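Taking it in order: structure first as C-alpha cells, then the write-up.
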Amino acid sequence: MANNTTNGPKVVNTHTGAFFGAAVAFLAATGVWNMANIWLLNVTVQEQWMLGMGILSAMFATVVVSKVVRDREEARSLVNEVRQARYEEILASAPAPGLGHM
C-alpha cells in the first residue's frame with residue numbers, strides 16, 4: 001500500500017527481492033507438486049490434462065485477482081490524494097470567513 005505524507009510525494013512500498021523470490025519459488029513448488037499428484041493419479045491422459053489445465057487456470061486467476069485488488073487500492077489512494085490536494089488549493093485561495101473578498 002502507499003504511505004501518505006503531508007509534505008512529500010506518495011511513497012509506494014516495494015517488496016524485497018527475498019519476498020518476491022519466495023513467492024515465485026512457492027508458486028513453482030505448488031505447480032510441481034500439483035503436476036506430480038496428477039501424474040500419480042490412476043486416470044487417463046485426457047483426464048490428467050484436463051485436471052492440469054484446471055489447476056493452471058486457477059493459479060493464474062489467483063495471481064490476476066490479487067493484482068486487480070492491489071491496483072484498485074492504489075488507484076483509490078491516488079484519487080483520495082488528488083481530492084485532498086484540490087481541497088487544500090480551494091482552502092488556500094478562499095478568503096477568511098466573515099472578511100468578504102480580498
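The values are calculated or read from the model by the stated rules, or taken from the named source; none is laboratory data. Given the structure is predicted, the values throughout are model-derived calculations rather than measurements. FYI the Cβ positions are ideal-geometry reconstructions off the backbone, even for glycines, and counts take in every protein chain you see.
Looking at region 9-32, which of its residues are more than 30 Å from Asn80 (Cα to Cα), of a type outside the set (Gly, Ala, Ser) and surrounded by fewer than 11 Cβ atoms within 10 Å (Cβ to Cβ)? So that I can check it myself, show each step before the final result.
So in region 9-32, the residues more than 30 Å from Asn80 (Cα to Cα) come out as 18, 21-32.
Filter once more, so that each one left must be of a type outside the set (Gly, Ala, Ser): 24, 26-27, 30, 32.
Once the filter is applied, which keeps residues that are more than 30 Å from Asn80 (Cα to Cα), of a type outside the set (Gly, Ala, Ser) and surrounded by fewer than 11 Cβ atoms within 10 Å (Cβ to Cβ), region 9-32 yields Val24, Phe26, Val32.
Filtering region 34-53 to residues that are under 27 Å from Phe20 (Cβ atoms) and exposed (fewer than 11 other Cβ atoms within 10 Å of the Cβ) leaves Ala36, Met53.
Might you check whether a residue that is at pLDDT below 80 and outside any helix (DSSP H, G or I) occurs anywhere in region 79-94? Yes, the conditions are met somewhere in region 79-94. The residues of region 12-36 that are at pLDDT 85 or above, out of contact with any helix residue (DSSP H, G or I) (no Cβ under 8 Å at 6 or more places or on another chain) and not hydrophobic (A, V, I, L, M, F, W, C) amount to a single one, Gly21. Tell me, yes or no, whether region 48-68 has at least one residue that is among the polar types (S, T, N, Q) and touching a residue at least 40 places away in the same chain (Cβ under 8 Å). No, region 48-68 has no match at all.
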